[in-house]
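Worksheet: one structure, shown below.
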Amino acid sequence: MMYYLIERVNETLQEWQKAHGMKFYHNVNNRSTFISYSYYPQFWINVSLRPTFEEALEQLLLRSQPLENTGQTILVIGGVQWLNFSHLHIIQKVLKRMNLSNIMVVIKSLGVGFHLPVDGVHTLSPAEIQNLWNENLAILNTAKQYGYEVVDTFIITMGRYKEFLQGKCGCHFHEVAKSKVSERSFPTATTFSRPYALGKYFNNQSNLVKLQAYASNSQSPYHVRGPINQVYSEILLSRICRNNRKDAGM
């Protein structure tokens with residue numbers, strides 16, 4: 001979602017790499033928007049040494065300073081299946097402690113995944129998927145209590161559970177494609193699971209034209225592809241923009 005939004009705003013994606021740590025991007029929206037990112041949980045670290053959610057969140061906020069305690073600062077938190085409603089209590093506690101209670105918080109809820117048999121990856125049973133549904137409801141209710149915005153990816157991905165893209169985990173609805181520019185610069189063989197028409201889920205013709213224009217930008221080294229990821233990323237963008245319009249009108 002982060003790389004999709006960067007490409008959406010910049011109309012190009014100049015760099016991409018699998019992000020399993022902390023990343024910082026200063027070159028967004030004509031350098032007027034700063035994005036910081038932290039991967040959680042760090043599953044490859046021994047559980048006894050792994051940073052807690054509270055520690056990871058606090059470190060991200062500290063390394064992202066200075067931050068305004070207004071709706072212009074936006075915290076987006078979500079994952080496929082690790083998030084639960086207790087994490088939202090921790091978010092509230094950390095933001096209060098760091099004097100950031102007025103920032104905008106967006107919760108990306110759970111997603112369908114890990115229900116297909118894959119070697120070396122835990123597979124969920126139908127009963128466990130039902131438990132995910134219940135946990136997702138608890139997340140949505142808790143987010144509402146705190147006044148957080150929500151992008152409910154569970155309800156979106158549940159109906160499209162067969163549309164996973166390449167990857168061992170069987171839980172990704174996106175892939176990053178190298179453009180011809182990138183292939184000329186870095187001659188690497190890359191294959192993609194299937195063709196996608198960016199924008200086909202949007203009814204507004206002008207929006208469709210804009211989306212297809214940046215998606216086919218021949219000067220962009222990379223493109224984020226996948227219609228399901230596109231849908232919930234656009235929902236996230238609409239939540240953020242709606243909040244900024246409210247701030248501008250105050």
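Just so you know, all these numbers are worked out from the coordinates, no wet-lab data involved. Keep in mind the model is a prediction, meaning the values are calculated, not measured. Here Cβ is always computed from backbone atoms with ideal geometry, including for glycine, and neighbour counts include all displayed protein chains.
Miscellaneous remarks
- Local electrostatic count, Arg63, Cβ distance below 14 Å [Lys/Arg +1, Asp/Glu -1]: -1
- Cα-based shape type of region 28-131, given that a ≥ b ≥ c are square roots of the gyration tensor eigenvalues and the cut on a/c is 1.5: prolate
- Distances between placed amide hydrogens fall under 5 Å for Val150 paired with Ile107, all partners being 5 or more residues away or on another chain.
- Spin-label model, Gln14/Ile90: points 7 Å from Cα along the beta carbon direction are separated by 3.5 nm.
- For region 17-84, dividing the convex hull volume of the Cα atoms by the residue count gives 121 Å³ per residue.
- Gyration tensor over the Cα atoms of region 1-56: the corresponding equivalent ellipsoid has semi-axes (square roots of 5 times the eigenvalues, largest first) of 28, 11, 8 Å.
- Subtracting the Cα-Cα distance of Phe34 and Gln219 from their residue separation scaled by 0.36 nm leaves 64.3 nm.
- Using θ = phi - 60° in the Karplus curve 6.51 cos²θ - 1.76 cosθ + 1.60, the 3J(HN,Hα) couplings for region 88-99 round to 5, 5, 5, 4, 4, 5, 5, 5, 5, 5, 9, 6 Hz; x is entered for Gly and Pro.
- Here the label points at Ile45 and Gln145, each 7 Å from Cα along the C-beta direction, are separated by 2.9 nm in the simple model.
- Amide H contacts of Thr33 (H built 1.01 Å from N, in plane; Pro and chain starts excluded): Val28 sit under 5 Å, all sequence-distant by 5 or more or on other chains.
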